[in-house]
Amino acid sequence: MIKRNDKQTAVSILALIALILLSALVLRVTGISQIRYLDINDRALGTIADTDGTVIAGNLKENDWNLKPEETLTIDLSLPDEPVYEGADAVVFSEYNCEVTVKYQGRTITEMGKGIDEKGDLIGDQLISFVIPDNAYGHTVQIQIVSKEKTVNSFTTPIRLMPSSDVRFSPLIHHQLAAVLFAMVALISLTITLEYFFTWIVHRKLNPGIFLFLFSFLISMWYLGYHKALYVISSSLRFNETAEYYFVYTAFIPLMIYFAITSSETKFRRFCRIMAWAFSVYALMSFVFSASRVPLNLSDLIIGERVLEAVMLAGFIIRGISIRKEFISQEKIVIRGLAAGSAIALLEIAAIALRSVSGLPAWIQKLFYLDYAAIGILLFICVLFVSYMSEAQERRELRIRQEELRKLAFADPLTGIPNRAFLIHKMKDMMELPEGFTAVFMDVDHLKTANDGYGHSTGDKLIQVMGDLIQRSYHKAGGENDLYARWGGDEFVAYFMDRKTAEKFGAILQEGVAEVNRSHVLPFETAVSIGMAESTRNADGSLCTLEKLLKKADENMYCQKAAQHLNEAE
């Protein structure tokens with residue numbers, strides 16, 4: 001037998017594979033997988049100068065473009081002799097938190113990040129492009145980059161030639177599949193989050209899954225922002241420059257809230273609540289500082305976020321060790337998924353270090369360029385999705401079983417209509433009967449005759465026929481809330497909001513009994529004695545209780561039964 005955790009692991013892997021295949025299909029259909037570009041880094045040489053213009057190093061290839069704060073990198077880029085693509089050609093590259101100026105023959109073609117004040121506002125991820133002037137082919141353009149980072153910054157970046165119409169797709173190069181994957185995860189997560197949110201608003205019932213899916217949305221958007229893939233959908237420079245920070249600063253808040261709600265261990269729930277508050281306060285503080293005159297921006301404050309993430313992971317590791325011998329649970333599965341996803345994501349560090357190793361076979365070199373961070377995050381998200389949906393399915397099945405048990409507890413096993421316990425349960429909250437409320441007490445005749453003369457199976461059939469007839473008559477008369485039941489033996493009870501409906505029910509029921517006798521469903525003729533009692537005000541102005549009303553209906557039924565037997569005797 002396959003264990004539950006093995007099933008969920010397999011389903012998580014299958015879900016990831018299915019998502020990858022679906023994303024590959026999207027790439028194929030949309031044509032994004034065929035982005036046209038030409039790498040031209042081999043045409044670029046850099047010169048680094050200090051703040052007063054003194055040249056520090058020249059003739060540098062891209063691997064040596066490392067800038068200290070306020071140093072200037074000037075890249076001499078030799079352009080092709082003629083246009084490469086139909087329409088306008090554009091040079092595209094990306095930089096981070098810097099001022100960029102592109103010149104040709106002393107004339108500025110484009111510039112970005114200018115006007116940074118002393119505060120050092122974050123410029124963030126910049127996708128920079130410029131259309132090549134017709135007279136610039138075969139010549140050289142100068143790209144000047146001034147670092148605004150507070151530490152040494154590496155500007156190893158691909159410089160590409162592309163059709164100007166395709167510039168916004170540049171960040172997807174080598175990341176098409178991952179970008180589509182995360183975009184799909186973000187869209188699915190956002191849809192489910194909004195659905196849970198509106199359910200919460202309408203029904204006032206909070207589903208903890210809203211926090212898992214919100215986390216999946218935020219972390220997916222962080223990945224897209226980090227890789228500048230949001231330029232595909234938005235041309236807003238400010239949004240794209242800072243998006244990754246807003247998403248990463250808020251992503252772990254809902255994750256901590258989820259565990260603070262659902263964890264089975266008190267200390268871990270307390271830890272998650274503290275971490276949720278810590279992430280929230282730090283995010284708010286970071287956003288306030290970045291918008292104020294304080295000389296700190298979102299990039300400068302990221303170290304604090306990393307510290308909180310390290311504390312969070314340490315807490316998860318400790319929790320994972322503490323529950324390693326416990327029975328499998330959703331919490332255990334999610335923590336294992338987090339551990340596996342983090343381990344895969346950390347391979348990215350090793351892969352980056354090994355990319356410069358030469359002499360290795362090509363297929364091994366390709367392994368070093370896999371996006372391990374994306375694989376790790378996606379695996380964790382798939383584990384979250386599958387484990388939560390599995391848990392939700394189990395909760396649904398439990399609710400169905402509970403509903404079935406409730407129905408069994410409230411249903412008469414012989415007739416299938418509600419039983420006495422159901423009627424008592426339905427009426428327990430009725431503190432005071434409304435005026436005109438009517439109780440109907442019914443007694444089926446000849447049950448003893450059926451049992452003694454024809455056998456108990458015939459007696460059972462008599463009760464079943466009358467139960468079905470009472471149910472149909474109740475609904476035909478316009479009764480509300482299914483307030484009818486088999487009271488016990490050959491007795492039935494029904495309640496109506498007014499006397500007129502009760503009398504209509506009685507007439508329909510007696511007509512139905514006559515039809516049963518005419519159709520010879522039973523080997524003998526039967527009858528039903530009916531007693532009614534209407535809620536009226538007592539001498540003191542109060543209305544009678546349900547118990548007294550039912551007792552009065554019972555007495556009226558016996559009076560009718562006695563009168564009927566007297567008529568039959570005559």
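The values are calculated or read from the model by the stated rules, or taken from the named source; none is laboratory data. Values in this document were obtained by computation on a predicted structure and should not be read as measured data. Virtual Cβ from ideal backbone geometry, glycine too; neighbours counted across all protein chains shown. The accessibility values were calculated without ligands, DNA or RNA, using every heavy atom of the protein model including side chains. Shrake-Rupley method; radii C 1.70, N 1.55, O 1.52, S 1.80 Å.
Tell me, yes or no, whether region 508-529 has at least one residue that is touching a residue at least 60 places away in the same chain (Cβ under 8 Å), more than 30 Å from residue 450 (Cβ to Cβ) and in a strand (DSSP E or B).
no
Going through region 461-502 one residue at a time, which ones are part of a helix (DSSP H, G or I), farther than 18 Å from residue 527 by Cβ and open to solvent by 30 Å² or more (accessible area, probe 1.4 Å)? Even if it seems obvious, please write down each step before you answer.
Taking region 461-502 and keeping what is part of a helix (DSSP H, G or I), we get 461-477, 499-502.
Next, only the ones that are farther than 18 Å from residue 527 by Cβ stay: 471, 474-477, 499-502.
Once the filter is applied, which keeps residues that are part of a helix (DSSP H, G or I), farther than 18 Å from residue 527 by Cβ and open to solvent by 30 Å² or more (accessible area, probe 1.4 Å), region 461-502 yields 471, 475, 476, 499, 500.
Give 318, 303, 233 a once-over and let me know the one that is more than 24 Å from residue 97 (Cβ to Cβ), out of contact with any strand residue (DSSP E or B) (no Cβ under 6 Å at 6 or more places or on another chain) and either surrounded by fewer than 20 Cβ atoms within 10 Å (Cβ to Cβ) or free of Cβ contacts under 8 Å to residues at least 60 places away in the same chain (or both). Explain how you work it out, then say what you get.
Numbers: 303 fails: more than 24 Å from residue 97 (Cβ to Cβ); 233 fails: more than 24 Å from residue 97 (Cβ to Cβ).
Exactly one of 318, 303, 233 is more than 24 Å from residue 97 (Cβ to Cβ), out of contact with any strand residue (DSSP E or B) (no Cβ under 6 Å at 6 or more places or on another chain) and either surrounded by fewer than 20 Cβ atoms within 10 Å (Cβ to Cβ) or free of Cβ contacts under 8 Å to residues at least 60 places away in the same chain (or both), namely 318.
Name every residue in region 279-295 that is touching a residue at least 24 places away in the same chain (Cβ under 8 Å), open to solvent by 30 Å² or more (accessible area, probe 1.4 Å) and out of contact with any Lys or Arg (no Cβ under 7 Å at 6 or more places or on another chain), in order of residue number. Can you show your working first?
Our first condition is that a residue be touching a residue at least 24 places away in the same chain (Cβ under 8 Å); within region 279-295, this holds for 279-280, 282-283, 286-287, 290, 293-295.
Remaining after also requiring open to solvent by 30 Å² or more (accessible area, probe 1.4 Å): 280, 282, 287, 293-295.
Those that are touching a residue at least 24 places away in the same chain (Cβ under 8 Å), open to solvent by 30 Å² or more (accessible area, probe 1.4 Å) and out of contact with any Lys or Arg (no Cβ under 7 Å at 6 or more places or on another chain): 280, 282, 287, 294.
Would you point out which residue out of 261, 219 is out of contact with any helix residue (DSSP H, G or I) (no Cβ under 6 Å at 6 or more places or on another chain), outside any loop (DSSP other than H, G, I, E, B), open to solvent by 10 Å² or more (accessible area, probe 1.4 Å) and on the phi < 0 side of the Ramachandran plot? Give the steps one after another, and end with the answer.
On the way: 219 fails: out of contact with any helix residue (DSSP H, G or I) (no Cβ under 6 Å at 6 or more places or on another chain).
Matching residue, one of 261, 219: 261.
So, residue 109, is that one modelled with pLDDT under 90, assigned to a strand (DSSP E or B), closer than 26 Å to residue 173 by Cβ and touching a Cys at 6+ places or on another chain (Cβ under 7 Å) or not? Full working, then the answer.
Working: modelled with pLDDT under 90: yes; assigned to a strand (DSSP E or B): yes; closer than 26 Å to residue 173 by Cβ: yes; touching a Cys at 6+ places or on another chain (Cβ under 7 Å): no.
It is false that residue 109 is modelled with pLDDT under 90, assigned to a strand (DSSP E or B), closer than 26 Å to residue 173 by Cβ and touching a Cys at 6+ places or on another chain (Cβ under 7 Å).
Could you list, ordered by first residue, the pairs with Cβ atoms under 9 Å in which the first is in region 545-568 and under 11 Å from residue 532 (Cβ atoms) and the second is modelled with pLDDT under 85, at least 6 apart or interchain?
Once the first residue is under 11 Å from residue 532 (Cβ atoms) and sits in region 545-568, its partners that are modelled with pLDDT under 85 give 549/433; 549/543; 552/544.
Report, by residue number, each residue of region 415-446 that is modelled with pLDDT of 85 or more, touching a Ser or Thr at 6+ places or on another chain (Cβ under 7 Å) and either open to solvent by 80 Å² or more (accessible area, probe 1.4 Å) or assigned to a loop (DSSP other than H, G, I, E, B) (or both).
436, 437, 445, listed by residue number.
Give me a count of the residues in region 398-414 that are open to solvent by less than 100 Å² (accessible area, probe 1.4 Å) and either in contact with a His (Cβ under 8 Å, 6 or more places away or on another chain) or not in a helix (DSSP H, G or I) (or both).
Selection size over region 398-414: 4.
Residue by residue through region 503-550, note down the ones that are at positive phi and buried (at least 19 other Cβ atoms within 10 Å of the Cβ).
Keep residues of region 503-550 that are at positive phi, which gives 520, 541.
Passing the criteria: none in range.
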